[in-house]
Amino acid sequence: DLLVVGSANADLVTVVERRPDAGETVLGSDLVVHPGGKGANQAVAAARLGARTALLARVGDDGHGRLLLDSLGSAGVDPAGVLVGGAPTGVALITVDPSGDNSIVVSPGANARLTPGDVQEAGALFATSRVVSTQLEIPLDTVAEVVRSLAPGSRFVLNPSPPAPLPGEVLAACDPLIVNEHEARVVLGTDVTGEPEDWARALLALGPRSVVITLGGEGALVADGTGTCRVPAVKVDAVDTTGAGDAFTAALAWRLGAGESLADAAAFAARVGAAAVTKEGAQASFPTADEVAALCRA
Ligand code: ADP
């Protein structure tokens, strides 16, 4: 089984003609509210593919929390690990301008209250999980406690987003560490130079057992102690790349749990990421296993 530990947010989206200056008010379009947050997105993506998935997260005792619990439930995610209360549900306040650029304010809310103690109390979920996947929209202390809570033989997958420098204990557990170029730069603490193969080798030197670098429309690259290999992108008409990274990570974590090699799991994940960019939205764009198979026949 797959356990995702991470954030759950309500994404509040309105389209504006232009952004307000300080002290100014502008009118936006009717509000649209989407379930989001990287943790919830990964859990929904995996469950939609058919993975037995649980989410350890925290939402508020409010309407946004109920919206998230509903979307997790309809995707088939085990909600037993979703804790309720302590702060309002996390929200992302998103304004979209006519050129399609976003400006986003995130209020972490309950996500910031997912504590190491919450992880310790979720021992039963860890005991049954072959793969545990996390991101960084929850406190870093909580992620470190996840690493300490892994059952023997279970595998830890981390997408450090939003990126931050990582403690050695967390880096050493990653198998793989999944980053895009921007995240690679922050984790390395230096500008990345040369080819993605060079960044992968620099990242491996920090201690993770394996590294995956996602390259958007260029696919991905996997690297471990035995070498590096490219995973080609699947050619699709990209409509909206929101959530592609979450779908990729979820798919990879699920296939690793099923015993596939890192290269095979990444090739499947690239198909899932490609399917996710062919539709608008994050959770709304995540494919079923049949849709992934259909994409490959097309
Ligand atoms: P992030 O959103 O974290 O930056 P990417 O944009 O690299 O992640 O997307 C994750 C994966 O989704 C990529 O490695 C690739 O496999 C797939 N993907 C993303 N954009 C495209 C695209 N335009 N065409 C095909 N596949 C894509």
Given (1) touching a residue at least 60 places away in the same chain (Cβ under 8 Å); (2) touching a strand residue (DSSP E or B) at 6+ places or on another chain (Cβ under 7 Å); (3) within 16 Å of the ligand (Cβ to nearest atom), number of the condition Val179 does not satisfy: (1)
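When you look at Val186, is it under 20 Å from Gly273 (Cβ atoms) and either of a type in the set (Gly, Ala, Ser) or surrounded by 15 or more Cβ atoms within 10 Å (Cβ to Cβ) (or both), yes or no?
When the stated conditions are applied, Val186 does not pass them.
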Failed criterion for Ala251 (all others in (1) of a type in the set (A, V, I, L, M, F, W, C); (2) under 16 Å from the mean Cα position of the chain (by Cα); (3) modelled with pLDDT under 95 hold): (3)
Sole exception among (1) more than 24 Å from Glu280 (Cα to Cα); (2) in a strand (DSSP E or B); (3) β-branched (Val, Ile, Thr) for Val26, by number: (2)
Matching residues, the stretch 201-243, being of a type in the set (A, V, I, L, M, F, W, C), surrounded by fewer than 24 Cβ atoms within 10 Å (Cβ to Cβ) and free of Cβ contacts under 8 Å to residues at least 60 places away in the same chain: Ala202, Leu204, Ala205, Leu206, Leu215, Leu221, Ala223, Cys229, Ala233, Val236, Ala238, Val239
The lone exception for Leu158 - which of (1) more than 23 Å from Ala269 (Cα to Cα); (2) within 16 Å of the ligand (Cβ to nearest atom); (3) among the hydrophobic types (A, V, I, L, M, F, W, C); (4) surrounded by 23 or more Cβ atoms within 10 Å (Cβ to Cβ) it fails: (1)
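Restricting to the stretch 142-171, count the residues that are among the aliphatic types (A, V, I, L, M), part of a helix (DSSP H, G or I) and within 16 Å of Val187 (Cβ to Cβ).
So the count comes out to 5.
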Ala80 modelled with pLDDT under 95 and over 27 Å from Thr241 (Cβ atoms): yes
Members of the stretch 1-41 that are more than 17 Å from Val106 (Cβ to Cβ) and surrounded by 24 or more Cβ atoms within 10 Å (Cβ to Cβ): Leu2, Leu3, Val4, Val5
Selection from the stretch 154-198 of residues that are modelled with pLDDT of 95 or more and among the small types (Gly, Ala, Ser): Ser154, Ser161, Ala164, Gly168, Ala172, Ala173, Ala184
Strands (runs of 3 or more DSSP E) (entirely within the stretch 184-298) containing at least 1 residues that are away from the ligand (no atom under 15 Å from the Cβ) and touching a Cys at 6+ places or on another chain (Cβ under 8 Å): 210-214
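The values are calculated or read from the model by the stated rules, or taken from the named source; none is laboratory data. For clarity, every value in this text was computed on a predicted model and none was experimentally measured. Glycine gets a Cβ as well: all are built from the backbone with ideal geometry, and neighbour counts include every protein chain shown.
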